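So the structure is just underneath, and the comments pick up after that.
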Amino acid sequence: MFGLSELAIILIVVIAVIGMKKLPELTRSAGKATRILKAEARAAKEEEAGTAPAPKVVQGEVVPPGNGTTPPGARPAGAPDHP
């Protein structure tokens, strides 16, 4: 009858014929998943080796609400949505 290699070839042909419309989308998704996996593996390796870049710290300031100023083009608080 059929051997394993013949069945594999038939299965690949059937999948290609049936899924012709979805095949580009599936390969694109597989490529994205591979890139994400490689990036995560590289980041884990760098973290393990201690060569990962330090996280960026962004300094900010706290602005109290209702300080009486309204940015240009913005509606003041309590203004109706429609003029």
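Sub-9 Å Cβ pairs linking a first residue in segment 26-54 that is without any contact (Cβ under 8 Å) to a residue 40 or more places away in the chain to a second residue that is assigned to a helix (DSSP H, G or I), at least 6 apart or interchain, are 51/45; 52/43; 52/46; 53/46, ordered by first then second residue. Filtered by the rule that a residue be under 18 Å from residue 12 (Cβ atoms) and open to solvent by less than 80 Å² (accessible area, probe 1.4 Å), segment 23-37 gives 23, 24, 30. With respect to residue 79, is the statement that it is at pLDDT below 90 and within 21 Å of the chain's Cα centre (by Cα) true? Against the criterion (at pLDDT below 90 and within 21 Å of the chain's Cα centre (by Cα)), residue 79 does not qualify. Is it the case, given these coordinates, that residue 48 is open to solvent by 100 Å² or more (accessible area, probe 1.4 Å), modelled with pLDDT under 85 and under 25 Å from the mean Cα position of the chain (by Cα)? Yes.
The values are calculated or read from the model by the stated rules, or taken from the named source; none is laboratory data. All of these numbers come straight from a predicted model, not from anything done at the bench. For neighbour counting, all protein chains shown are included, and Cβ atoms are generated from backbone atoms with ideal geometry for every residue, glycine included. Surface accessibility is based on the protein's heavy atoms, side chains included, excluding ligands, DNA and RNA. Shrake-Rupley method; radii C 1.70, N 1.55, O 1.52, S 1.80 Å.
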